[in-house]
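Beneath this line is the structure, given in structure tokens, with notes to follow.
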Amino acid sequence: MTDAEISPGDEVTTPWWDATRQRRLTVQACACGHHQHPPRAVCIRCGSADGLSQADAGEHGVVDSCTVVERPAPGHTAPYVVARVRLPSGVLLLSNVVTEHPYDVAVGDRLRLAWRPLADGRALPLFQPDRKA
Ligand SMILES: [Zn+2]
């Protein structure tokens, strides 16, 4: 994905994007206790539009599932890892694991948050293997 293909954001997603400017990964938290991502206008559990806020998602995750893509794509040099990452809140985030050893990434691996800066100051959340685990 090139920078030009990334959404500029709207009234629902702008708080999430703004947090990336400070290199903070957030998820939506509802007053009912539910956490969700991507940002939505209402909570998918209780339907409330008023109880939603952005909550820090932390700096770590765990590989829930992953695959190695062997064809290059805009912004990606093959082979690269696409992973569904489980955050501590239980939210799943589709991202990339940046590593010299893509075929070594496995379900259950601990990950550490990293960022890919965008030209406009925002950033995309990526992950790296967490070797301190
Ligand atoms: Zn809710």
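The values are calculated or read from the model by the stated rules, or taken from the named source; none is laboratory data. Keep in mind it's a predicted model, so treat the numbers as computed, not measured. Virtual Cβ from ideal backbone geometry, glycine too; neighbours counted across all protein chains shown. Note: areas computed on protein heavy atoms with side chains; ligands, DNA, RNA excluded. Shrake-Rupley method; radii C 1.70, N 1.55, O 1.52, S 1.80 Å.
Table: residues versus (1) open to solvent by less than 40 Å² (accessible area, probe 1.4 Å); (2) under 13 Å from the mean Cα position of the chain (by Cα).
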residue	(1), (2)
GLU59	no, yes
GLY90	yes, yes
VAL107	no, no
ARG110	no, no
TRP115	no, yes
ALA119	no, no
LEU124	yes, yes
ARG131	no, no
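Cβ-Cβ distance below 6 Å, separation of 6 or more or different chains: which pairs start in the range 81-104 with a residue that is in a loop (DSSP other than H, G, I, E, B) and end on one that is surrounded by fewer than 16 Cβ atoms within 10 Å (Cβ to Cβ)? Cβ pairs passing all conditions: PRO88/GLY58; VAL98/GLN128.
Inspection of the range 55-69 finds a residue satisfying the criterion of being within 16 Å of the ligand (Cβ to nearest atom), at pLDDT 95 or above and farther than 20 Å from ASP109 by Cβ. Pairs meeting the criteria (first residue in the range 23-35 and modelled with pLDDT of 95 or more, second residue polar (S, T, N, Q) and not in a loop (DSSP other than H, G, I, E, B), beta carbons under 6 Å, at least 6 apart or on different chains) are THR26/GLN54; GLN28/GLN36; ALA29/SER53. Looking across the range 29-48 at every residue that is open to solvent by 60 Å² or more (accessible area, probe 1.4 Å) and under 14 Å from VAL12 (Cβ atoms), the one that is farthest from the ligand (Cβ to nearest atom) is identified as PRO38. Looking only at residues that are open to solvent by less than 70 Å² (accessible area, probe 1.4 Å) and in contact with an Asp or Glu (Cβ under 9 Å, 6 or more places away or on another chain) in the range 7-28, which one is farthest from the ligand (Cβ to nearest atom)? Looking at the filtered set, the residue picked out is GLY9. Taking the range 92-105 as the range and being open to solvent by 80 Å² or more (accessible area, probe 1.4 Å) and not aromatic (Phe, Trp, Tyr) as the test, the residues that pass are LEU94, GLU100, HIS101, ASP104.
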